[in-house]
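See below for the structure under consideration.
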Amino acid sequence: RLPFRPIDAEYSKALDRIIMVSTSPDELHIFDPVTNKDVPVPLPAAPTSVSVGPDGLHAAAGHVGSVTVVDLSTHEAT
């Protein structure tokens with residue numbers, strides 16, 4: 001059972017991780033389904049969607065009126 005409620009999710013084949021976004025708190029989650037380890041990345045606003053780039057190393061979290069790009073390797077949001 002996840003300790004957060006996913007709003008949207010995609011799969012990163014390059015990292016073999018499920019990438020999810022949630023609110024309360026506003027975070028992007030890099031989730032390993034094998035180990036159940038979750039790496040949360042804080043987001044500046046409530047997310048409405050997530051998309052993983054073709055390289056599988058970057059994700060875009062959509063917000064109302066803006067987008068946050070997250071480097072999935074370094075866990076940094078810009």
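The values are calculated or read from the model by the stated rules, or taken from the named source; none is laboratory data. Note that this is a predicted model, so its numbers are computed, not measured. Cβ placement follows ideal geometry from the backbone for every residue including glycine, while neighbour counts extend to all protein chains displayed. The area values use the complete protein model at the heavy-atom level, side chains included, leaving out ligands, DNA and RNA. Shrake-Rupley method; radii C 1.70, N 1.55, O 1.52, S 1.80 Å.
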Pick from region 9-51, criterion out of contact with any strand residue (DSSP E or B) (no Cβ under 7 Å at 6 or more places or on another chain) and touching a residue at least 40 places away in the same chain (Cβ under 8 Å), ranking: farthest from Glu76 (Cα to Cα): Lys13
Strands (runs of 3 or more DSSP E) wholly inside region 2-78 that include at least 2 residues being among the polar types (S, T, N, Q) and either open to solvent by less than 60 Å² (accessible area, probe 1.4 Å) or on the phi < 0 side of the Ramachandran plot (or both): 49-52, 66-71
